[in-house]
Amino acid sequence: MAIKVAITDDHPLAISGLQNMLSGDKHIEVIATYENGTALLTGLEKMLPDVLLLDIELPDYKGYDLAQVINKEYPSVKMLAITSHDAPILVKRMMQHGCSGYVLKNTRVKELIFAIKSVYAGEEYIEPSLKEQMMQHTKFKIQTPTFKIPILTQREKAILKLIVQEHTNQEIANELFISLRTVENHRFSLLQKLDVKNSIGLVRVAIQLGMLED
């Protein structure tokens, strides 16, 4: 019996690409595709897949919120997060909210198929490159219940918003009437808190996790 797979992604080309990647395996059948979280939740009321490929960045839902809802309402559905974001903190967040696996959109066909079959079999799967990166930063264990999303101070939020707006360190210092060294220290602290290597990763993770919201 083929593994029934559903795909949720807000980019039609991405959906088509995933369908093409999976079409060559006779043990996998794509039974539905959705372009947003609302359509997905409506579709699940009518038909449940064995494995759901879930983009973590949809226009109407944060990935971890959607995963949490599905995990609660449809516990039989195995979720495999698929995204272009490679920040360890996102992997942790998605796994904690019910996903059984996490892969990147540039993964090879064989790797994606292996991931689908792994989570279908009840195993957890994290793309090797991500797992290695995570192990370099922390002795993270998937089932650890004590992980918490870092809380930003008001000053860190202010600086982060200016970083998002592509201000330089000096411009941020001038805007907030603080020293350049203080800005640099806060930027370093943000990178450490969000467990990313550069400002691009910092901004993506902060936006994805809703850390800029008041």
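Exposed loop sites, defined as GluC sites (Glu not before Pro) outside DSSP H, G, I, E and B with at most 11 other Cβ atoms within 10 Å, are absent from the longest region of the chain, namely 46-165. Shown is the FRET efficiency for residue 19 and residue 121, computed with R0 = 30 Å from the Cβ-Cβ distance and rounded to the nearest 0.05: 0.85.
Take every pair of alpha-carbon atoms less than 8 Å apart whose residues are at least six positions apart; their mean separation over the length of the chain yields a relative contact order of 15 percent. Electrostatic bookkeeping for residue 49 treats Lys and Arg as +1 and Asp and Glu as -1; over the other residues with beta carbon under 10 Å from its beta carbon, the sum is 0. Taking label positions 7 Å along the Cα-Cβ direction at both residue 129 and residue 161, the computed distance is 3.5 nm, reported to one decimal. Against the compact-protein benchmark of 2.2 N^0.38 Å, the Cα-based radius of gyration of the stretch 41-81 scales to 1.06. Ranked by how many other Cβ atoms sit within 10 Å of their own Cβ, fewest first, the residues 118, 129 fall in the order 129, 118. Here the Karplus relation 6.51 cos²θ - 1.76 cosθ + 1.60, evaluated at θ = phi - 60°, turns the backbone of the stretch 9-19 into coupling constants of 7, 7, 10, x, 5, 5, 4, 4, x, 5, 4 Hz, with x for every Gly and Pro.
Computed from the coordinates by the stated procedures, all read-outs in this text should not be read as laboratory data. On a predicted model such as this, the values are computed, not experimentally measured, just so you know. Cβ atoms come from the backbone with ideal geometry, glycine included; neighbour counts cover every protein chain shown.
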